[in-house]
1. Out of the range 31-41, which residues are open to solvent by 50 Å² or more (accessible area, probe 1.4 Å) and assigned to a strand (DSSP E or B)?
2. Name the residues in the range 158-179 that are small (Gly, Ala, Ser) and either loosely packed, with under 12 Cβ neighbours inside 10 Å or in a loop (DSSP other than H, G, I, E, B) (or both), would you?
3. Among the residues of the range 64-94, how many are in contact (Cβ under 8 Å) with a residue 60 or more places away in the chain, open to solvent by 20 Å² or more (accessible area, probe 1.4 Å) and touching a strand residue (DSSP E or B) at 6+ places or on another chain (Cβ under 9 Å)?
4. Checking the condition closer than 17 Å to THR63 by Cβ, aliphatic (A, V, I, L, M), touching a residue at least 40 places away in the same chain (Cβ under 8 Å) and open to solvent by less than 40 Å² (accessible area, probe 1.4 Å), which residue from ILE225, ILE275 passes?
5. Could you please let me know if VAL261 is in contact with a Leu (Cβ under 9 Å, 6 or more places away or on another chain) and buried (at least 18 other Cβ atoms within 10 Å of the Cβ)?
6. For the subset of the range 147-156 comprising residues that are of a type outside the set (S, T, N, Q) and more than 21 Å from the chain's Cα centre (by Cα), which member is surrounded by the fewest Cβ atoms within 10 Å (Cβ to Cβ)?
7. I need a count of the residues in the range 240-272 that are among the acidic types (Asp, Glu) and either in contact (Cβ under 8 Å) with a residue 40 or more places away in the chain or in a loop (DSSP other than H, G, I, E, B) (or both).
Amino acid sequence: MSYADELFKDMCRDILENGVSTEGEKVRPKWEDGSYAYTIKKFCVVNRYDLSKEFPALTLRKTAYKKAIDEILWIWQKKSNNINDLGSHIWDSWADEDGSIGKAYGYQMGVKHIYKEGEMDQVDRVLYDLKHNPYSRRIMTNIYVHQDLHEMNLYPCAYSMTFNVTKKEGHDKLTLNGILNQRSQDILAANNWNVVQYAALLHMFAQVSDMEVGEFVHVIADAHIYDRHIPHIKELIERPSLPAPTFKMNPDVKKFYDFTVDDFTLENYEAGPQIKNIPVAV
């Protein structure tokens, strides 16, 4: 059965049983009807996924992995902050009349920085170090840039990736691991979406760096379930788990900037029915 399913169930039960309610507190998000969107939250949830054993797409309900990968390419490959470059509508609520979300996400990835090796943006720096300095403990990105927060239509939720390379005994290739730091997450709407995105990103970076993929660690500072999502979560975690799908990526792609969403498939991806009309707090 899917390890990602069981981890998700355990996390949700822990939040519901041991989390803290924000009801009555001063909160920012609101529902479409104008009422405050309260949550049950847990501080610092840490989930670990061994990508060499399983691709962590939920089977409890299907994750739209193509759209999830499209978004990660929008941020990391296109380095865009305009929803017109994105194939889905998930960012529409935060875009202005021109489609911009401000100096957020992809914008920060595309900002050039000066290094002793030359001028590079954050993505190019990671790719350079994985090739030339794989054992460096400084391979990371950060898009939570305080000087630009006032020009972001939404502060970054998933804001930092740290990459770490290890050598497994008996393996010819190095192993690429990664830690995603996330300040806040809507568990029902976004948890597996983000997990699938960054798992795919690690697979991409490993392939173009001639490495094997290893562990993905997801650190969530504020892991929360919205009050109007609780019935959906309770129903979801009672569903049976199915076998994990098989992740396939075009092996002929050798450069990160050559990947497209058509280079990815999940074979034998069976899942429970989709939860429709999930309310989103803004």
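1. Scanning the range 31-41 gives TYR36, LYS41.
2. From the range 158-179, those small (Gly, Ala, Ser) are 158, 160, 170, 178; that's our starting set.
Matches in the range 158-179: GLY170 only.
3. 3
4. Working: ILE225 fails: closer than 17 Å to THR63 by Cβ.
One residue alone meets the criteria, ILE275.
5. Criteria not met by VAL261.
6. As a first pass, look at the range 147-156 and keep what is of a type outside the set (S, T, N, Q): 148-152, 154-156.
Within this subset, residues satisfying the condition of being more than 21 Å from the chain's Cα centre (by Cα) are 148, 150-151.
Working: ASP148: 15, HIS150: 8, GLU151: 12.
Restricting to residues being of a type outside the set (S, T, N, Q) and more than 21 Å from the chain's Cα centre (by Cα), the top hit is HIS150.
7. So the first thing to find is which residues in the range 240-272 are among the acidic types (Asp, Glu), and the list is 252, 258, 262-263, 267, 270.
From what's left, either in contact (Cβ under 8 Å) with a residue 40 or more places away in the chain or in a loop (DSSP other than H, G, I, E, B) (or both): 252, 270.
Residues meeting the conditions: 2.
Listed here are the residues, each with its yes/no results for (1) part of a loop (DSSP other than H, G, I, E, B); (2) within 22 Å of CYS44 (Cβ to Cβ); (3) in contact with a Cys (Cβ under 9 Å, 6 or more places away or on another chain).
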{"site": "ASN192", "(1), (2), (3)": "no, yes, no"}
{"site": "ALA206", "(1), (2), (3)": "no, no, no"}
{"site": "ASP210", "(1), (2), (3)": "yes, no, no"}
{"site": "ILE220", "(1), (2), (3)": "no, yes, yes"}
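The values are calculated or read from the model by the stated rules, or taken from the named source; none is laboratory data. Keep in mind that what you see is a predicted model, and the values were worked out from it rather than measured. With ideal geometry, Cβ positions are generated from the backbone for all residues, glycine too; neighbour counts draw on all protein chains shown. Each accessible area value is taken on the protein alone, full model and side chains, heavy atoms only, with ligands, DNA and RNA left out. Shrake-Rupley method; radii C 1.70, N 1.55, O 1.52, S 1.80 Å.
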